[in-house]
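The values are calculated or read from the model by the stated rules, or taken from the named source; none is laboratory data. These numbers were taken from a predicted model, which means no experiment stands behind them. Ideal geometry is used to build each Cβ from the backbone, glycine not excepted, and the neighbour counts take in all protein chains shown.
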């Protein structure tokens with residue numbers, strides 16, 4: 001019995017110690033974290049140098065961040081085709097951010113050979129179903145406006161926007177507030193409207209602002 005108890009104590013100690021040990025970062029994780037830190041302080045050339053090997057090896061997160069650099073001409077000349085290529089590779093690996101950003105390119109027809117509403121809907125739906133809050137809000141707008149092959153359905157619009165808002169996506173919080181205020185897709189509820197408006201306001205979006213606060217436009221890169 002003593003042997004059994006001692007064995008249990010040793011095992012419990014091992015498990016507690018293992019739980020307390022932080023998971024060691026891989027070399028890829030370390031590079032990605034360092035690249036993200038460099039990106040946030042504007043060291044874009046360093047970011048590109050760090051990420052290119054990982055992106056070439058197929059690392060989806062590296063591809064998305066590198067695509068941002070090519071998309072906006074950060075540390076490299078603006079190259080929308082290269083940005084789209086990187087995003088396409090990451091999207092095929094089910095990276096939801098890549099799916100959203102690639103959908104925007106198909107929406108405006110930049111870097112992808114022209115506009116493609118079917119691809120917009122396909123990519124945004126995949127990202128939304130995977131839990132991406134931005135995609136869920138966009139899907140709510142598509143149902144509200146009857147765009148990209150979605151029939152107008154205010155209840156579906158509200159449902160998708162609510163899923164996004166529950167994740168803290170500010171635009172969705174304001175949209176849900178408006179739906180509750182005016183009874184669009186859901187019964188009017190002044191208390192719920194005030195709650196969601198307040199959540200959006202805490203993130204800097206006032207009740208009076210536009211539902212859509214960003215427009216996807218891309219300046220043509222200069223001739224080389």
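Brief remarks on what is shown
- Of all the residues in region 125-136, those that are surrounded by fewer than 24 Cβ atoms within 10 Å (Cβ to Cβ) and in a helix (DSSP H, G or I) number 5.
- Residues of region 64-92 that are free of Cβ contacts under 8 Å to residues at least 60 places away in the same chain and farther than 14 Å from residue 39 by Cβ: 81, 82, 83, 84, 85, 86, 87, 88, 89, 90, 91, 92.
- Being surrounded by fewer than 23 Cβ atoms within 10 Å (Cβ to Cβ), assigned by TED's automatic domain parsing to the domain that holds residue 87 and touching a residue at least 60 places away in the same chain (Cβ under 8 Å) holds for only one residue in 117, 122, 107, and it is 107.
- Candidate set: region 41-58, residues that are within 18 Å of residue 88 (Cα to Cα), touching a residue at least 12 places away in the same chain (Cβ under 8 Å) and surrounded by fewer than 17 Cβ atoms within 10 Å (Cβ to Cβ); chosen: the one nearest to the chain's Cα centre (by Cα): 58
- Boolean, residue 192 is over 22 Å from the mean Cα position of the chain (by Cα), modelled with pLDDT of 95 or more and either part of a loop (DSSP other than H, G, I, E, B) or not assigned by TED's automatic domain parsing to the domain that holds residue 68 (or both): yes
- Only one of the listed residues (139, 86) is in the same structural domain as residue 58 (by TED's automatic domain parsing) and not in a loop (DSSP other than H, G, I, E, B). That residue is 86.
- Selected residue [out of contact with any helix residue (DSSP H, G or I) (no Cβ under 8 Å at 6 or more places or on another chain) and either surrounded by fewer than 22 Cβ atoms within 10 Å (Cβ to Cβ) or not in a loop (DSSP other than H, G, I, E, B) (or both)] from 81, 71: 81
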